[in-house]
């Protein structure tokens, strides 16, 4: 009887312990957070996404995937029902994309926001709001795979063209030209070596020349220097020349005054005398041409005028 009682209590303790462990596991694993359903509209592949997959908003866990199914109203479209915590900032510009955890291939839903419309997007069991599903990184790579392949083909063709025999010959010719140019530069460097050796002496001479030039300029700028003295002499000579010109101008003015007040009146008087003599000669010539005998017997007496003795009035001509 004692062995049976011990076995009974041991079995009862085991059962109670198992029930306590199950209850504790249930209580600790139960999800008490309040979540709101949203539907993601996917038109791309959802490879690697399963039920109960994580839903993250910019890397933070905010929910899980509840179900994945086809949209009967729109063939080829997939509805992903997600449960998101109420504290998650879901707005009208929120969208979802497919992310992958490392290299395992297990996918999760990544939520993000464009920031265009920050109005909160409300949802409930009766009216489930919908969010757009954008292509993930792998989907974008698949979509652009053809373009990348075409570009790779063009690059391969360009490489083949570069490696063609004609191009190799051109490259060899270019390399030879560069070699000749390098040789020319080497020869030029060798020829310039003597000039480069003389360059320090040339620089020393140039320094001495600059020093002499500086000294000359300093001497020219001195108030008591030869340049200033020569300028003073030139100024004095110019002043003397100006004085001489002034004196000459005064002399010319005196000469002009003398000519105007002394010489010209005499010249005018001489001209009057000459005109009187010319008139006398003209009268003598007229008299000689009229009465040549006047040269021998003198000029005839002039006829008396009216009122003088011997004057007679000329006879009147009869009227016709």
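Let me know the volume per residue of the alpha-carbon convex hull for region 33-143, in Å³.
Convex hull of Cα atoms, per residue: 111 Å³.
Provide 57, 95, 50 in ascending order of the number of other Cβ atoms located within 10 Å of each residue's Cβ, fewest first.
Working: 57 21, 95 15, 50 11.
Neighbour counts put them in this order, fewest first: 50, 95, 57.
Throughout, read-outs are computed from the coordinates displayed, never taken from laboratory work. This structure is a prediction, so every number in the text was calculated from the model and none was measured. Counting neighbours? That spans all protein chains shown, and the Cβs are built from the backbone with ideal geometry, glycine included.
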